[in-house]
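> Sending over a structure as structure tokens; questions will come in a sec.
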Amino acid sequence: MRFLRTLLFPLVALTSLALARSSTGDTVLVLLEPSLKKENFSIFFGDLEKKGYKLTFRSPKDTTPEIIKDDVAQFAHVVVFAPETKTFAGDITPQTLVSLLSKKTNLLLALSPKQTPLSSLAAEFTLILPPPGTPLISHFPKRDTPATVVPVEPPRAHHIISDGLAPVWFSGVPQALGNSPMLVPLLQAPPQAFASDADSDSGADALVEAAEKSGEGLWAGSSLSLVTGFQALSNARATWVGGIEIFSDEYINKEISKGVKSGNRQFVKDVAAWTFQEANVLRIDTVEHHRVNETLPRETYTINNQVTYTAYISQYDPELDLWEPYSGINDLQLEFTMLDPHIRTSLPPVAGEPGKYSVSFRVPDRHGVFKFNVDYKRKGWSYLSSTTVVPIVPPRHDEYPRFLSAAWPYYAGAFSTSAAFLLFVALWLAGDEREPKKGKGSKAE
Amino acid sequence: MPLAYSLPSDLSPATVTNTSSLLRIIALALISGAAIASRLFAVVNFESIIHEFDPWFNYRATKVLAEKGFYAFWNWFDHTAWYPLGRVVGGTIYPGLMATSGVIYNVLHALNLPVDIRNICVLLAPGFSALTAWSTYMFTKELKDESAGLLAAAFIGIAPGYISRSVAGSYDNEAIAIFLLMFTFYSWIKALKTGSAFFGTLTALFYFYMVAAWGGYAFITNMIPLHALTLILMGRFSSRLYVAYSSWYAIGTLASMQVPFVGFQPVRTSEHMAALGVFGLLQIVAFAELVRAHVSSRQFQSILFGSVIVIGVLGVLAFAGLTYKGWIAPWTGRFYSLWDTGYAKKYIPIIASVSEHQPTAWPSFFMDLQFLIFLFPAGVILCFRELRDEHVFVIIYAVVASYFAGVMVRLMLTLTPVVCVAAAVAFSSLLDTYIDPVEPEVSEVAVPVTGGDSSAASPATVDGAVSSKKAKKAAAAVADASSTGIASGIVAAIGGQSKSPKARGIFGLDTRFLIVVNALGMLLFFVLHCTYVTSSAYSSPSVVLASQNPDGSQHIIDDFREAYYWLRQNTPQDAVVMSWWDYGYQIAGMADRPTLVDNNTWNNTHIATVGKAMSSPEEVAYPILRKHDVDYVLIIFGGLIGYSGDDINKFLWMVRIAQGVWPDEIQEPNYFTPKGEYRIDDAASPTMKNSLMYKMSYYRFAELFGGSQAVDRVRGQQVPKTGPTLDYLDEAFTSENWIVRIYQVKKEDLLGRDLKTANAFANGKKRKKSKPLARRKALA
């Protein structure tokens, strides 16, 4: 057996190396604008192919290969590198792109300062773009590149972006974030940056004026996002990148300072890994519920039962292409709901059993159709949600306590009345012959 | 003694008795056959199917009982009803009906007769109607004689007032309850007549069965005490009454408390207090009688009399005090609505919204009872002629039931038996009088007979020969009674006051012939009427509708089952369906899907929630739908083929019920036009047009007319050409004639937008450009 396993293991490892790292599939469609050369992005695409993705290229105006065929998405991931395309082929509309998300296809979309169908689609993701032709500008730090090519410090201690990256070259439009909780900012603008007319700095004054009016809103500062992830309810991910150059070989190889290469290569790798659902992917494998001291679930539970609820959660491991038990969630909660949560309790990981989260609680004193609800939504992580419906019923007729101490007066009353009746009957029968009249009187009383 | 026609005289009395009892048995058998057969119209015209609404629940419950046994049924928690509250079925129903079917089912299967449970349910009501006819026979026999009994049995067997609730497929509590009612009354009268504790116990047992079978048992609970009280007040207290009442009350009350749904109500609620009070009063009166028998002092008796009154007053005060303290539940709303017909509409719209709780329209008395309704008073007056204890009972029953039948349509059912009994008494008296061959002896005071053709004016009063007992006072009353039967009645009643009692009676064959033929004609027309009404009005399952093609052939409209089966076949087992409560039982029974509310209207708030969702705009309704996990919304729309019982016509009740709970959010006047009209056309109020119910009803309705003016055939109004749009619901199914429309509730938007925006995007509408949020804090 062991021999077999030792034989099998490298085999499995090999095949998994050949497979893609994504949890959802390895086919990628790249919609590449004809004006953009594939060779200019060779490092990014090369890294993807090295991971095992199968890239298919298509011009936005081509009609093949189809994105959706017979209502089935044909690719696991779609990269839209068409920031300046105004007219797409008929099967690529903002609506189909959104419907791709509902088919669990991930999207990686690049924007540009130009007004395109994509920039109006961004509004559906509550991203607010500046007016056309206003890219991000920063005059700091002093450098020899144009003001529109900005070195941006990647976030530190981020759960998606690798730590310790060198600044990232960026050029493109920033996005102000709306109030959607599904947005995950991956790269934020430097504090000194702002969006303005690229040609001159004259816009800066107008910007300050606008800021003073305050009602107008402001495209400036670190609240702007440059690369924004979005996780839809279907757990499909869409990432909006303000400019396509961030992926280019040129920016990847461009030095930040003397001898220090930019962090672009690792950054776009991380972004792609998150977008293609390699990283931060969780799932609930199974849930179980049963009464305490039992092992099998019941169809119904009785009020006030002690019930144990268990969820098994695993995380996708892109290295091995495996789902591995994951115990790293410490703020998982369980709700026991009928219309409103009757019980809301934390669902802690069980020590020593990886991936197992369990809690025991007393069912409320209320019958009805209850739901075990786990709803875990954290930015950047897959949403975990599980609903298990279980009816809570009142006790069966023979499950109530049989003899109540409080009812002893009634028991005594019943028994004494019965005894008195028997005594009366005995007296009645015995005394009938002697004094019939008296007996009659006692009957009426 | 002169005879109008000759009778065979060479028959031995034993032969007569035997023949008549054989004839009675044959007659009863034929009556049973007729009662059952006339109820089978529904099966013949349509199919063997459960009817209407409540029967669907009873059927479903019976299936559970038959499949899983009695204990599982008793403990049945139906988690698909009243989602997500669930319903403790065992504790909230009268299990008598299901238990009866279950027993029949098990007996048949024990005999290796594998009868389907559905057929047992469908045919239970006709079967029990035969028993009802028999028990009415027994009851009337106690009142008058066997011939009246047979007439009463025939009447109840085919009277539409009872058929309306007991056709094949009408598997409802009333199906067995009327039999139990009549049999309980019969055994009560028997117990009272004989003073037998055995019949008192029998009364109690059938009372228990009745309690287990129908909520209307409160009628018995109050009728018997009322009768007993009346007898006491009439000075007719006797040990027979004491024994009968005490044995009934003690055993009956204890037994009725064994029904889980009733529980402690017999000692805790006002409806049952009359029975308890009369029980107490009887003990006091019995005690007083006892003392009176032993003490001869007049003064002592008057003291006793006074003390009886004091005790009575104290009892009433104690009752009031207990009610005030809350130990005894006050009268329920349903009860108040019996006295004040406007009460329910004001305070409990959910009760008023049921059509069978509306006051009865006068024509329906004639429709349900035909000529019985005018024989009925005659029969009641005839009861005064003898006025034995049982006649007092019938008189009280008649008065009380007449009142209730006038208040509520459905209580016509309790009136029907007494009408049949009283009419049978009157009719059989008429026949007795005119068939009896004995002619009066012509006395000196000759009746001014001017030729044979004036027979109509001949005295119509009845001779005591039929029931040769004291009939002095009753004579006038009897004259009244028979006068209703014949055209010349008034003349006869006035002119018939001949002084000589011997001279009363009927002369000759012609009079007899005329009256008897007339009477038989009435019976014949009664049969025709009953058959016609039964076949045309009361045999529709209402699940399946029938209409006539232009060539007169029958056209079946089967939209309901079409839609319910669509739900059954195309939706997941646990998909929650929201509809107005009328259709809850049908959805549960036919589609087998969880429902929010159903015909067991126990939770007003939950119903009001559905009412609110239906009468609110989409964006208000959507969170309610999501909160209740609603997947599908089902509505009934009759505008296309003119089915008037649809949801738009019921809509105002939804609004009213919702307003009762959320008076700030839903207001009835908003659904009317400024002129106060209820309209659905262009002039409809904005609130009306935005309500979910309106939108779902008329969604894409105008498209059906292809450009020409769309017309709602129920309201007779023109529907706006641009119909309503729906953002939060998707049309999932619309039945052939558009009677049932089912909408699917959309899931939350993938991108977290509200569905209105998402829908606008999906339709390709451009979104208004937004600006980043102002960050005042950062600038300050």
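> Answer yes if at least one residue in segment B:623-638 is of a type in the set (A, V, I, L, M, F, W, C) and more than 21 Å from B:Lys746 (Cα to Cα), and no otherwise.
Yes, because at least one residue in segment B:623-638 is of a type in the set (A, V, I, L, M, F, W, C) and more than 21 Å from B:Lys746 (Cα to Cα).
> Now for a different question. Look at B:Asn759 and say whether it is part of a loop (DSSP other than H, G, I, E, B) and either more than 9 Å from chain A (Cβ to nearest Cβ) or at pLDDT 85 or above (or both).
Spelling it out, it is not the case that B:Asn759 is part of a loop (DSSP other than H, G, I, E, B) and either more than 9 Å from chain A (Cβ to nearest Cβ) or at pLDDT 85 or above (or both).
> Yes or no: segment A:131-141 includes at least one residue that is away from every other protein chain (no Cβ under 14 Å), under 25 Å from A:Glu245 (Cβ atoms), surrounded by 20 or more Cβ atoms within 10 Å (Cβ to Cβ) and in contact with a helix residue (DSSP H, G or I) (Cβ under 9 Å, 6 or more places away or on another chain).
yes
> Which pairs turn up if I take residues in segment B:205-218 that are under 13 Å from B:Glu174 (Cα atoms) and look for partners that are among the aliphatic types (A, V, I, L, M) and not in a helix (DSSP H, G or I) with beta carbon separation below 7 Å, at least 6 apart in sequence or on another chain?
Correct list of pairs: B:Val211/B:Val259; B:Val211/B:Val262; B:Ala212/B:Val259.
> Could I ask something else about it? Might you let me know whether segment B:523-540 holds any residue that is open to solvent by 30 Å² or more (accessible area, probe 1.4 Å) and touching a strand residue (DSSP E or B) at 6+ places or on another chain (Cβ under 9 Å)?
yes
> Examine segment B:729-739 for a residue that is within 14 Å of another protein chain (Cβ to nearest Cβ), buried (at least 20 other Cβ atoms within 10 Å of the Cβ) and not in a loop (DSSP other than H, G, I, E, B), and state whether such a residue exists.
no
> Does segment B:361-368 include one or more residues that are surrounded by fewer than 19 Cβ atoms within 10 Å (Cβ to Cβ) and within 30 Å of B:Asn604 (Cβ to Cβ)?
yes
> Here's a follow-up. Looking only at segment A:172-226, count how many residues are away from every other protein chain (no Cβ under 13 Å), modelled with pLDDT of 65 or more and loosely packed, with under 14 Cβ neighbours inside 10 Å.
Residues in segment A:172-226 being away from every other protein chain (no Cβ under 13 Å), modelled with pLDDT of 65 or more and loosely packed, with under 14 Cβ neighbours inside 10 Å: 1 in total.
> Exactly one condition in (1) open to solvent by 40 Å² or more (accessible area, probe 1.4 Å); (2) farther than 24 Å from A:Tyr400 by Cα is not met by B:His79; state its number.
So B:His79 meets the others, but not (2).
> When you look at B:Thr184, is it among the hydroxyl-bearing types (Ser, Thr, Tyr), part of a helix (DSSP H, G or I) and surrounded by fewer than 24 Cβ atoms within 10 Å (Cβ to Cβ), yes or no?
It is false that B:Thr184 is among the hydroxyl-bearing types (Ser, Thr, Tyr), part of a helix (DSSP H, G or I) and surrounded by fewer than 24 Cβ atoms within 10 Å (Cβ to Cβ).
> Sticking with this structure for a sec: Tell me the residue from B:Ile350, B:Ile309 that is surrounded by fewer than 16 Cβ atoms within 10 Å (Cβ to Cβ) and in a helix (DSSP H, G or I), please.
After ruling out the rest, the residue left standing is B:Ile309.
> Would you say B:Leu750 is open to solvent by less than 40 Å² (accessible area, probe 1.4 Å), closer than 15 Å to B:Ala613 by Cβ and outside any strand (DSSP E or B)?
no
> Identify all residues within segment B:543-563 that are among the small types (Gly, Ala, Ser) and open to solvent by less than 30 Å² (accessible area, probe 1.4 Å); write none if there are none.
B:Ala563
> Looking at segment B:81-102 only, could you name the residues that are facing chain A (nearest Cβ under 9 Å) and not in a helix (DSSP H, G or I)?
If the condition is that a residue be facing chain A (nearest Cβ under 9 Å) and not in a helix (DSSP H, G or I), then B:Trp82, B:Tyr83, B:Pro84, B:Leu85, B:Gly86, B:Val88 are the ones that fit.
> Filter segment B:19-59 down to the residues that are modelled with pLDDT under 90, more than 30 Å from B:Ala81 (Cα to Cα) and more than 23 Å from the chain's Cα centre (by Cα) and list them by number.
Across segment B:19-59, the qualifying residues are B:Val44, B:Asn45.
> With (1) of a type in the set (Asp, Glu); (2) within 14 Å of chain A (Cβ to nearest Cβ); (3) under 24 Å from the mean Cα position of the chain (by Cα) as the list, and B:Asp78 as the residue in question, which single condition is left unmet?
Here B:Asp78 meets the rest and fails (3).
> Looking at (1) part of a helix (DSSP H, G or I); (2) closer than 23 Å to B:Met590 by Cα; (3) open to solvent by less than 70 Å² (accessible area, probe 1.4 Å), which is the only condition B:Leu28 fails?
Evaluating B:Leu28 over (1) part of a helix (DSSP H, G or I); (2) closer than 23 Å to B:Met590 by Cα; (3) open to solvent by less than 70 Å² (accessible area, probe 1.4 Å) leaves (2) as the failure.
> Has segment B:86-106 got any residue that is open to solvent by 30 Å² or more (accessible area, probe 1.4 Å) and under 30 Å from B:Thr531 (Cβ atoms)?
Looking through segment B:86-106, at least one residue is open to solvent by 30 Å² or more (accessible area, probe 1.4 Å) and under 30 Å from B:Thr531 (Cβ atoms).
> With the requirement that a residue be more than 18 Å from A:Ala195 (Cα to Cα) and more than 10 Å from chain B (Cβ to nearest Cβ), what does segment A:117-130 give you?
Of everything in segment A:117-130, those that are more than 18 Å from A:Ala195 (Cα to Cα) and more than 10 Å from chain B (Cβ to nearest Cβ) turn out to be A:Pro117, A:Leu118.
> Scan segment B:677-704 for residues that are small (Gly, Ala, Ser) and either under 23 Å from B:Trp580 (Cα atoms) or under 34 Å from the mean Cα position of the chain (by Cα) (or both) and jot them down.
B:Ala684, B:Ser685, B:Ser691, B:Ser697
> Being more than 12 Å from A:Leu108 (Cβ to Cβ), open to solvent by 60 Å² or more (accessible area, probe 1.4 Å) and in a helix (DSSP H, G or I): is that true of A:Glu39 here?
Against the criterion (more than 12 Å from A:Leu108 (Cβ to Cβ), open to solvent by 60 Å² or more (accessible area, probe 1.4 Å) and in a helix (DSSP H, G or I)), A:Glu39 qualifies.
> Do the conditions hold for A:Arg298, that is, is it within 14 Å of chain B (Cβ to nearest Cβ), within 30 Å of B:Leu596 (Cβ to Cβ) and open to solvent by 70 Å² or more (accessible area, probe 1.4 Å)?
yes
> Ok, one more. Any chance segment A:89-105 includes a residue that's within 11 Å of chain B (Cβ to nearest Cβ), free of Cβ contacts under 8 Å to residues at least 12 places away in the same chain and in contact with a strand residue (DSSP E or B) (Cβ under 9 Å, 6 or more places away or on another chain)?
Looking through segment A:89-105, none of the residues is within 11 Å of chain B (Cβ to nearest Cβ), free of Cβ contacts under 8 Å to residues at least 12 places away in the same chain and in contact with a strand residue (DSSP E or B) (Cβ under 9 Å, 6 or more places away or on another chain).
> Identify all residues within segment B:581-596 that are within 14 Å of chain A (Cβ to nearest Cβ) and within 18 Å of B:Ile624 (Cβ to Cβ); write none if there are none.
Within segment B:581-596, B:Pro594, B:Thr595, B:Leu596 qualify.
> Another question, if that's okay. Within segment B:34-75, which helices (runs of 4 or more DSSP H) (wholly inside it) include 3 or more residues that are more than 14 Å from chain A (Cβ to nearest Cβ)?
By residue number, B:41-45, B:54-68.
> Among what's in segment A:390-405 and is among the hydrophobic types (A, V, I, L, M, F, W, C) and open to solvent by 80 Å² or more (accessible area, probe 1.4 Å), pick the residue that is nearest to the other protein chains (Cβ to nearest Cβ).
Filtering first and then ranking leaves A:Leu404.
> Checking B:Trp566 against (1) within 28 Å of B:Ala125 (Cα to Cα); (2) surrounded by fewer than 24 Cβ atoms within 10 Å (Cβ to Cβ), only one condition comes out false. Which one?
Result: B:Trp566 passes all but (1).
> Can you pull out every residue in segment A:359-378 that is of a type outside the set (Val, Ile, Thr), over 26 Å from B:Ala81 (Cα atoms) and open to solvent by less than 30 Å² (accessible area, probe 1.4 Å)?
A:Phe361, A:Tyr376
> Pull up segment B:498-515, narrow it to residues that are open to solvent by less than 30 Å² (accessible area, probe 1.4 Å) and under 22 Å from B:Ala426 (Cβ atoms), then point me to the one that is modelled with the highest pLDDT.
Only one residue fits best here, namely B:Ile515.
The values are calculated or read from the model by the stated rules, or taken from the named source; none is laboratory data. Treat the numbers as computed from the prediction; the structure is a model and nothing was measured. Backbone-built Cβ (ideal geometry, glycine too); neighbour counts: all protein chains shown. Calculation scope for accessible area: heavy atoms of the full protein, side chains included, ligands and nucleic acids excluded. Shrake-Rupley method; radii C 1.70, N 1.55, O 1.52, S 1.80 Å.
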